Amino acid sequence: MWIASWLLFALAILAWVVARQTSAVLAAAELGALRDERATEEARAAELLGRIREARSRRVLIPRAQALGLRLPSDSEIVILQTPSRQEPR
């Protein structure tokens, strides 16, 4: 009787170990898939940021502005506003 109890106990422990190992393998596979997805999304974000930088460049904006009938202002027409600097409390 004791032998059967110990064998059942050992079998339960081994089943628990197998279940944990299976769970770990599945989690590792999911983690790998999520890492791949993150790398893809980061590459897409970098590509979009590059497109934004290009769209904001003078090379792109000046022809579009001229197509709309706009012109570049002369230096005397440009006013640069500065925000007041914060002074630390005394």
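The values are calculated or read from the model by the stated rules, or taken from the named source; none is laboratory data. What you see is a predicted model; the values in this text were computed from it and never measured. Because the Cβ atoms are built from the backbone with ideal geometry, glycine has one as well, and the counts that use them run over all protein chains shown.
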Looking at Trp2, Trp16, Trp6 in this structure, which one is of a type in the set (A, V, I, L, M, F, W, C) and modelled with pLDDT under 90? Trp2
So Ser23, is it surrounded by 10 or more Cβ atoms within 10 Å (Cβ to Cβ), assigned to a helix (DSSP H, G or I) and either among the hydroxyl-bearing types (Ser, Thr, Tyr) or touching a His at 6+ places or on another chain (Cβ under 9 Å) (or both): yes
Consider Asp36 against the criteria (1) in a helix (DSSP H, G or I); (2) of a type in the set (D, E, K, R); (3) loosely packed, with under 10 Cβ neighbours inside 10 Å: it satisfies all of them except one. Which criterion is unmet? (3)
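Among the listed residues Leu8, Leu70, identify the single one that is surrounded by 10 or more Cβ atoms within 10 Å (Cβ to Cβ), part of a loop (DSSP other than H, G, I, E, B) and of a type in the set (A, V, I, L, M).
That would be Leu70, the only listed residue that is surrounded by 10 or more Cβ atoms within 10 Å (Cβ to Cβ), part of a loop (DSSP other than H, G, I, E, B) and of a type in the set (A, V, I, L, M).
Of Arg59, Arg44, which residue is within 30 Å of the chain's Cα centre (by Cα), exposed (fewer than 10 other Cβ atoms within 10 Å of the Cβ) and either part of a helix (DSSP H, G or I) or touching a residue at least 12 places away in the same chain (Cβ under 8 Å) (or both)? Break it down stepwise before answering.
Numbers: Arg44 fails: exposed (fewer than 10 other Cβ atoms within 10 Å of the Cβ).
Unique residue meeting the criteria: Arg59.
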